[in-house]
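What follows is a short report on a single structure.
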Amino acid sequence: MPEDTNKGTPVSNRTTVRRGAKRAEYREDEMRAILRSGSVAHVAVNTNDGPLVLPMVYGVGEKDLYLHGALANFLLKSGRDTEMCATITILDGLVYAKTPFNHSMNYRSVVIRGRGRIVEDEVELSNAFRLMTDHIVPTWETTRSLSQSEIKATRVLAMPLTEMSAKIRTGGAINEAEDANEKYWSGYVPLTTVFGTPVSNSDALAEVPEIISSLVGTDIHE
């Protein structure tokens, strides 16, 4: 099958993939598919104490990526009206060449750059909480609603989904021509993360919701 060369165009110079440019993906629907399949965003911001990167749960809206934490969360406080970067990566496999120099990984990754914005509008805030809650497993409808005190104790930050780019690698190893006849194994090992069997809390007073039990054994990144 011929390689798909229609990968779109970058929206800005700083989202242009330079290393491994043939693996770049700029089509919004493809990038959003990766964001929907991912589970953790590594979020970076410059602070007065130096650069800081933290893994965070996220939600994907029509125009923004939503992040949340306690009011005292240092990264979210530092990200207000500040340029930030968020990276979501899904590891799909380990790639083994005939020499370690050419070992690699199969992956899907999206990088988002933009200025952080604290969400204060009540309607947007409610929508953001739901998007973040339902991102991996839609459990918003199976839990108690958030109280006003819980909402007030949480800071929600939005990053615009305007400047982003993706990079994707699939397939086997790329070996050097001189290694063609070397008798070493070469190939790749697929990796998946699957949902396990739910373990009920001691104070659980209801059966495991079907939306959770039905996930057992399925790939979290599908």
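The values are calculated or read from the model by the stated rules, or taken from the named source; none is laboratory data. The structure presented is a predicted model; accordingly, all values stated were derived computationally and were not measured. For neighbour counting, all protein chains shown are included, and Cβ atoms are generated from backbone atoms with ideal geometry for every residue, glycine included. Areas reflect the complete protein model, heavy atoms only, side chains present, ligands, DNA and RNA absent. Shrake-Rupley method; radii C 1.70, N 1.55, O 1.52, S 1.80 Å.
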**Normalised alpha carbon radius of gyration of the stretch 38-107 [divisor 2.2 N^0.38 Å]** = 1.45
**Item:** Apportionment of accessible area to carbon and sulfur, the stretch 62-174, percent (1.4 Å)
**Value:** 54
**Message:** Under a crude label model (7 Å from the Cα following the beta-carbon direction), how far is Ala33 from Asp121 in nanometres?
**Reply:** 3.0
**Asked** Are there chymotrypsin sites (Phe, Trp or Tyr not before Pro) in the stretch 159-222 that DSSP marks as loop and that have at most 11 other Cβ atoms within 10 Å, and which are they?
**Response** Tyr184, Trp185
**Fill in**
Over all pairs of different Cα atoms in the stretch 7-131, the reciprocal of the mean inverse distance gives a Kirkwood radius in Å of 16.3
**Prompt:** For the chain, modelled as a Gaussian network with Cα springs under 10 Å, which listed residue fluctuates most, Asn181, Asn13, Asn48?
**Reply:** Asn181
**Message:** Just to compare against my own numbers: the Cα pair-distance distribution for the stretch 155-222, 10 Å bins, whole % per bin, please.
**Reply:** 13, 21, 22, 24, 14, 6, 1
**Request:** Within the stretch 81-133, report the GluC sites (Glu not before Pro) that DSSP leaves as loop and that have at most 16 other Cβ atoms within 10 Å.
**Result:** Glu120
**Request:** For the stretch 1-57, with all protein chains present and a 1.4 Å probe, just round the carbon and sulfur fraction of the accessible area to a whole percent.
**Result:** 51
**Item:** Neighbour net charge for Phe195 - beta-carbon separation under 15 angstrom, K R +1, D E -1
**Value:** -3
**Max mean-square fluctuation residue, GNM over the chain, Cα-Cα springs under 10 Å, options Asn102, Asn73, Asn201** = Asn201
**Asked** Roughly how many Å² is the accessible area per residue of the chain, as a whole number, for a 1.4 Å probe?
**Response** 62
**Message:** Student exercise: in the chain, how many lysine pairs 8 or more apart or on different chains have Cα atoms under 14 Å apart?
**Reply:** 4
**Request:** Please identify every one of the trypsin sites (Lys or Arg not before Pro) in the stretch 110-195 that sits in a loop by DSSP and has no more than 11 other beta carbons within 10 Å of its own beta carbon.
**Result:** Arg144, Lys183
**Item:** Solution diffusion estimate, µm²/s, Stokes-Einstein, the chain, Kirkwood Rh from C-alpha pairs, 20 °C, viscosity 1.002 mPa s
**Value:** 108
**Prompt:** Sorted by mean Cβ packing within 10 Å, highest first, what order do the peptides 91-98, 213-220 take?
**Reply:** 91-98, 213-220
**Request:** Excluding Val60 itself, calculate the net charge of residues whose Cβ lies under 11 Å from the Cβ of Val60, where each Lys or Arg counts +1 and each Asp or Glu counts -1.
**Result:** 0
**Prompt:** If one puts a single equal scatterer on every Cα of the stretch 73-200 and applies the Debye formula without solvent, what log₁₀ I(q)/I(0) results at q = 0.10, 0.11 Å⁻¹?
**Reply:** -0.56, -0.65
**Asked** Using only the Cα atoms of the stretch 1-76, what do you get for the radius of gyration and for Dmax, in Å?
**Response** 15.7, 52
